[in-house]
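Below: one structure, written as structure tokens.
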Amino acid sequence: MGFLQGKRILVTGVLSNRSIAYGIAQACRQQGADIALTYVGERFKERVEGFAAELGTDIVLPCDVSEDDQIEQAMALLGERWDGLDGLVHSIGFAPREAIAGNFLDGLSRESFRVAHDISAYSFPALAKAALPLLKGRKSSVLTLTYLGAEKAIPNYNTMGVAKAALEASVRYLAVALGEYGIRANAISAGPIKTLAASGIKDFSTILKFVETHAPLQRNVTIEEVGNVASFLMSELASGITGEITHVDAGFNCIVPGMQE
Ligand code: NAD
């Protein structure tokens with residue numbers, strides 16, 4: 001029996017079989033959880049339904065987090081199928097292309113800054129707030145995905161790094177706000193992984209190569225490795241962990257690149 005047996009987990013952000021959310025949903029399923037998925041835009045509905053079938057579920061809900069109505073509607077529809085929720089995974093990020101390329105200031109505009117923060121940061125506490133009635137009374141938890149660009153200036157990550165810093169601060173404030181209900185809030189800071197979202201970042205392959213060369217484990221991480229840590233953090237094995245940013249990055253965050261050579 002897996003350590004998530006009988007748990008119900010909503011995983012947002014599955015777009016392809018390379019998505020970090022896909023690795024998380026698979027790992028949670030392997031530990032016995034029942035899964036629900038969300039999608040954005042009708043053209044992706046069928047694709048996500050296919051992933052849902054693989055995961056043994058038919059709960060696939062539309063949820064574009066830029067729309068308040070869709071967030072509310074997704075939780076209302078979920079409530080019709082499940083009387084409670086044990087885990088919410090936020091694996092969503094977006095910034096306009098010019099905001100994740102080249103010089104930070106060249107790509108900076110009020111609109112690109114707003115969009116990056118709306119989709120990549122605001123949506124996490126917004127989803128948690130909408131899901132709260134379902135999360136209450138169940139030793140549940142919420143989890144998001146962040147990146148080292150929140151802590152350090154990473155080439156080209158730019159406005160997305162600023163949005164991830166807001167997201168990480170949200171984890172801490174959520175931990176306090178949800179703590180009174182016994183609900184936990186955490187994040188995984190994943191190392192670079194080739195996904196659709198990552199391919200929008202200029203020269204992403206250079207980052208992958210650099211990590212492979214310099215990280216203590218001398219390689220990049222996989223969506224399975226992130227998924228395994230996510231399944232642990234969502235489970236009662238992690239009942240004492242909240243407000244925490246856990247790095248799953250082959251150790252890259254702990255070194256000063258270049259000083260070991
Ligand atoms: P991905 O492209 O597979 O997933 C990104 C998801 O965001 C997609 O499912 C997309 O539909 C969703 N999304 C975008 N706009 C949305 C909106 N308006 N409403 C709802 N969903 C929306 O890429 P991924 O790399 O798996 O990204 C998942 C998360 O992991 C992101 O937050 C990303 O920043 C983070 N992350 C990625 C890496 C990496 O190197 N790939 C590293 C650290 C953190």
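Data for the structure
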item	result
Residues 34, 118 arranged by fewest to most Cβ contacts within 10 Å	118, 34
Burial ordering of 241, 223, fewest other beta-carbon atoms within 10 Å first	241, 223
Straight-distance crosslink candidates among lysines, where the alpha carbon sits under 18 Å from residue 129 and sequence neighbours closer than 8 are dropped	139
Mean separation of Cα contacts under 8 Å (6+ apart) over length of the chain, as relative contact order %	20 percent
Where chymotrypsin sites (Phe, Trp or Tyr not before Pro) fall in DSSP loop in segment 164-235, at most 12 other Cβ within 10 Å	none
At most 11 other Cβ within 10 Å, DSSP loop - trypsin sites (Lys or Arg not before Pro), segment 161-261	none
Values of log10 I(q)/I(0), in the order q = 0.24, 0.27 Å⁻¹, for segment 173-240 under a Debye, Cα-only, solvent-free model	-1.01, -1.15
Whichever lysines have a C-alpha closer than 27 Å to that of residue 194, once near sequence neighbours (fewer than 8 apart) are set aside	45, 152, 164, 202, 209
Dipole axis of the chain (+1 Lys, Arg; -1 Asp, Glu on Cβ), positive-most option in 218, 144, 124	218
The chain: angle of helix 223-234 to the longest principal axis, Cα-based, in degrees nearest 10	50 degrees
Computed over segment 117-186, the ratio Rg/Rh where both radii use C-alpha atoms and Rh is Kirkwood	1.04
Dipole in debye (nearest 20) - segment 8-248, about Cα centre, beta carbon charges: Lys, Arg +1; Asp, Glu -1	520 debye
Folded to 0 to 90 degrees: helix 123-135 orientation relative to the chain principal axis, Cα	20 degrees
Nearest-ten-degree value, helix 158-179 long axis tilted from longest Cα axis of the chain	40 degrees
Sorted by Cβ neighbour density within 10 Å, fewest at the top, the residues 142, 171	171, 142
Whole-angstrom gap from segment 79-145 to segment 1-28, using each part's C-alpha centre	17 Å
For segment 8-123, fraction of C-alpha pairs farther apart than 19 Å, in %	49 percent
When the convex hull of its Cα atoms is projected in every direction, mean area for segment 8-248 (nm²)	12.2 nm²
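Each reported figure results from applying straightforward, stated rules to the coordinates on display, with no laboratory input. From a predicted model like this one, the values you see are computed outputs, not experimental measurements. Because the Cβ atoms are built from the backbone with ideal geometry, glycine has one as well, and the counts that use them run over all protein chains shown.
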